[in-house]
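In what follows, a single structure is set out as structure tokens and then discussed.
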């Protein structure tokens with residue numbers, strides 16, 4: 001006779017509506033009771049409309065019958081707060097004191113690197129007035145939402161993504177909001193989005209040390225910061241401000257990344273430091289954190305981002321970056 005654990009595994013593999021991730025991954029299966037030939041399943045209806053709920057009930061009934069041989073099935077849909085469904089093991093904020101240094105690029109590459117390591121990953125685009133994550137990932141799908149919650153959109157490699165740009169009529173629409181509205185949007189992305197079970201959530205912060213970064217560092221349980229900079233002296237000076245903010249907020253900087261570090265010219269087999277010599281060692285001393293990567297100026301990577309195909313980028317730096325982050329995060333490792 002089939003066991004309750006076996007039934008849980010079988011039902012957990014059912015894809016959630018509009019998602020590639022499963023009911024188990026989204027933490028929507030809240031309770032399963034098997035008594036003889038009778039099965040009672042409780043499912044979170046959070047963010048699901050009426051038709052989606054009907055589909056879930058039908059899918060559970062059909063799968064239970066075909067794969068578990070159980071025909072007496074009752075499915076109860078209940079409302080659960082998204083924040084009570086979310087189980088996120090690590091939250092990484094990507095930060096810098098200056099704009100234009102490539103925080104969104106680093107956020108995207110960090111998520112991709114961790115995904116290539118086999119982890120479940122999401123990206124929260126907290127750059128409300130300058131969101132670029134959806135463009136880089138080629139996503140323009142509007143998130144599924146109801147009064148009870150929001151489902152993030154899934155990328156090609158199954159990275160969950162939420163961004164204000166996904167809610168706008170067009171990607172070029174301007175978000176002209178004051179600080180309190182921006183902070184409220186970030187809090188909504190944290191509390192009202194059904195992230196489900198994630199190993200890592202990467203947060204793409206806007207530049208500076210004002211409302212948005214403050215909201216994230218104060219209100220979200222960030223347990224690691226990656227600081228991004230470029231070789232220019234002006235940039236490293238301003239990044240010190242972000243470092244000071246992280247120290248004041250008592251958030252650990254787990255690593256630093258130098259973007260636009262050099263340009264490799266294959267015809268002459270030489271790397272050219274267009275923006276000056278590397279500041280990696282200097283920034284490592286300032287932050288007390290290791291240099292995770294030096295990202296070159298790469299025309300191929302730029303073209304992939306412009307086409308919305310950043311996930312197609314293939315470089316050894318992704319493997320190195322992913323492995324380094326996993327080693328440096330607190331020992332609450334993804335299982």
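The values are calculated or read from the model by the stated rules, or taken from the named source; none is laboratory data. All of these numbers come straight from a predicted model, not from anything done at the bench. Cβ: placed from backbone, ideal geometry, glycine included. Neighbour counts: every protein chain shown.
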Taking region 153-185, which residues are modelled with pLDDT under 95 and part of a loop (DSSP other than H, G, I, E, B)? 168, 169, 170, 171, 172, 173, 174, 175, 176, 177, 178
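Quick check on residue 158: is it surrounded by fewer than 21 Cβ atoms within 10 Å (Cβ to Cβ), free of Cβ contacts under 8 Å to residues at least 40 places away in the same chain and out of contact with any strand residue (DSSP E or B) (no Cβ under 7 Å at 6 or more places or on another chain)?
Against the criterion (surrounded by fewer than 21 Cβ atoms within 10 Å (Cβ to Cβ), free of Cβ contacts under 8 Å to residues at least 40 places away in the same chain and out of contact with any strand residue (DSSP E or B) (no Cβ under 7 Å at 6 or more places or on another chain)), residue 158 does not qualify.
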Could you check residue 7 against (1) over 22 Å from residue 142 (Cα atoms); (2) surrounded by fewer than 16 Cβ atoms within 10 Å (Cβ to Cβ) and say which number it fails? (2)
State whether the residues of region 209-230 include one that is in contact with a helix residue (DSSP H, G or I) (Cβ under 6 Å, 6 or more places away or on another chain), part of a loop (DSSP other than H, G, I, E, B) and modelled with pLDDT under 90. yes
Of (1) assigned to a loop (DSSP other than H, G, I, E, B); (2) touching a residue at least 40 places away in the same chain (Cβ under 8 Å); (3) over 16 Å from residue 189 (Cα atoms), residue 128 satisfies all except one. Which? (3)
Just the residues that are outside any loop (DSSP other than H, G, I, E, B) and either in contact with a helix residue (DSSP H, G or I) (Cβ under 6 Å, 6 or more places away or on another chain) or free of Cβ contacts under 8 Å to residues at least 24 places away in the same chain (or both), please, taken from region 312-325. 312, 316, 318, 321, 322
Subset of region 80-117 (residues that are at pLDDT below 95 and in a loop (DSSP other than H, G, I, E, B)): 96, 97, 98, 99, 100, 101, 102, 117
Conditions (1) within 12 Å of residue 7 (Cα to Cα); (2) touching a helix residue (DSSP H, G or I) at 6+ places or on another chain (Cβ under 8 Å); (3) assigned to a helix (DSSP H, G or I); number of the one not met by residue 61: (2)
Residue among 36, 69, 18 that is in contact (Cβ under 8 Å) with a residue 12 or more places away in the chain, more than 31 Å from the chain's Cα centre (by Cα) and on the phi > 0 side of the Ramachandran plot: 69
Quick check on my filter: what residues within region 254-301 are part of a loop (DSSP other than H, G, I, E, B), at negative phi, touching a helix residue (DSSP H, G or I) at 6+ places or on another chain (Cβ under 8 Å) and surrounded by fewer than 19 Cβ atoms within 10 Å (Cβ to Cβ)? 290
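Taking residue 212 as the residue in question, decide whether it is buried (at least 21 other Cβ atoms within 10 Å of the Cβ) and under 12 Å from residue 125 (Cα atoms). Even if it seems obvious, please write down each step before you answer.
Working: buried (at least 21 other Cβ atoms within 10 Å of the Cβ): yes; under 12 Å from residue 125 (Cα atoms): yes.
Yes, satisfied.
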